[in-house]
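S.K.: Could you have a look at this structure, given as structure tokens, before my questions?
The values are calculated or read from the model by the stated rules, or taken from the named source; none is laboratory data. Everything quoted here is computed from the prediction, not taken from an experiment. FYI the Cβ positions are ideal-geometry reconstructions off the backbone, even for glycines, and counts take in every protein chain you see. Surface accessibility is based on the protein's heavy atoms, side chains included, excluding ligands, DNA and RNA. Shrake-Rupley method; radii C 1.70, N 1.55, O 1.52, S 1.80 Å.
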Amino acid sequence: MIRTLNLPVSLSAKAQEFTLRRATEHDLGALMLLLADDPISATRGDKANEADAASYLSALTAIITDPSNDLLVVVSETDEPLATMQLTRIPGMARRGSTRLLIEAVRVRSDHRSSGIGSTMMRWVTGTAAPAVEASLVQLTSDEARQDAHRFYEQLGFVASHRGFKYKVG
């Protein structure tokens, strides 16, 4: 958990009120469903299969107990998770010792996409979370196939300035 993030907070998107808070073990099922609800994640094995719950729980525990990471959820007034994202604070030597805030695994439930939740989440990251962790740069990666997501991030002011690479181990 990144202690300098003051959570929970209220968010407004298109005249609706939501809460952004830290994920807990009680959110595990909803988090698995959010990942499976994404077509690209589903092709990578995120199927929300109960047999995988122990693996997801282990990952969730590792994230929320790490002082450089946070897993956040946007919830409805009934505390139902509608969206999620992981934040990682990365101190660095480059850019004169600047700190970066990495956004990963952004997911909005399919029946809430285009509702403004994603934009509101990203504005909170750039306007509140980044200053709170003393980050001078917010970065993210996005699968090449996510053309709609790329337009979304660019509309929010993110610039496609780098090319990412991955190496699958095993």
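S.K.: Does region 39-48 hold any residues that are loosely packed, with under 13 Cβ neighbours inside 10 Å, not charged (D, E, K, R) and not in a helix (DSSP H, G or I), and which are they?
M.R.: Once the filter is applied, which keeps residues that are loosely packed, with under 13 Cβ neighbours inside 10 Å, not charged (D, E, K, R) and not in a helix (DSSP H, G or I), region 39-48 yields only Gly45.
S.K.: Return the only residue of Thr88, Thr99 being open to solvent by less than 30 Å² (accessible area, probe 1.4 Å), under 20 Å from Ala130 (Cα atoms), among the hydroxyl-bearing types (Ser, Thr, Tyr) and touching a residue at least 24 places away in the same chain (Cβ under 8 Å).
M.R.: Residue meeting the stated conditions: Thr99.
S.K.: Still on this model: Could you tell me how many of the residues in region 125-147 are in contact with an Asp or Glu (Cβ under 9 Å, 6 or more places away or on another chain) and surrounded by fewer than 15 Cβ atoms within 10 Å (Cβ to Cβ)?
M.R.: Within region 125-147, the first condition is being in contact with an Asp or Glu (Cβ under 9 Å, 6 or more places away or on another chain), and the residues that meet it are 129, 140-141.
Now narrow it down to the ones that are surrounded by fewer than 15 Cβ atoms within 10 Å (Cβ to Cβ): 141.
Residues flagged as in contact with an Asp or Glu (Cβ under 9 Å, 6 or more places away or on another chain) and surrounded by fewer than 15 Cβ atoms within 10 Å (Cβ to Cβ) within region 125-147 amount to 1.
S.K.: Across region 2-38, which residue is nearest to Ser114 (Cα to Cα) among those that are open to solvent by 60 Å² or more (accessible area, probe 1.4 Å) and in a loop (DSSP other than H, G, I, E, B)?
M.R.: Only one residue fits best here, namely Lys14.
S.K.: I'd like to know if region 66-83 contains one or more residues that are within 20 Å of Asp148 (Cα to Cα) and of a type outside the set (S, T, N, Q).
M.R.: The answer is yes; a qualifying residue exists.
S.K.: Okay, next question. Leu71: free of Cβ contacts under 8 Å to residues at least 40 places away in the same chain and out of contact with any Pro (no Cβ under 7 Å at 6 or more places or on another chain), yes or no?
M.R.: no
S.K.: For Asp52, indicate whether it is surrounded by 14 or more Cβ atoms within 10 Å (Cβ to Cβ) and under 17 Å from the mean Cα position of the chain (by Cα).
M.R.: Considered against the rule, which asks whether it is surrounded by 14 or more Cβ atoms within 10 Å (Cβ to Cβ) and under 17 Å from the mean Cα position of the chain (by Cα), Asp52 comes out as no.
S.K.: Then there is this: Condition (residue is surrounded by fewer than 17 Cβ atoms within 10 Å (Cβ to Cβ) and among the aromatic types (Phe, Trp, Tyr)) applied to region 113-124: is it met by at least one residue?
M.R.: No, the conditions are met nowhere in region 113-124.
Okay, residues lined up against (1) hydroxyl-bearing (Ser, Thr, Tyr); (2) in contact with an Asp or Glu (Cβ under 9 Å, 6 or more places away or on another chain); (3) at positive phi:
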site	(1), (2), (3)
Ala15	no, no, yes
Thr19	yes, yes, no
Gly29	no, yes, no
Ile40	no, yes, no
Lys47	no, no, no
Ala54	no, no, no
Ser68	yes, no, no
Val74	no, no, no
Glu77	no, yes, no
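S.K.: Same structure again: Filter region 109-143 down to the residues that are free of Cβ contacts under 8 Å to residues at least 24 places away in the same chain and more than 30 Å from Arg96 (Cα to Cα) and list them by number.
M.R.: Answer for region 109-143, where residues must be free of Cβ contacts under 8 Å to residues at least 24 places away in the same chain and more than 30 Å from Arg96 (Cα to Cα): Asp111, Arg113, Ser114.
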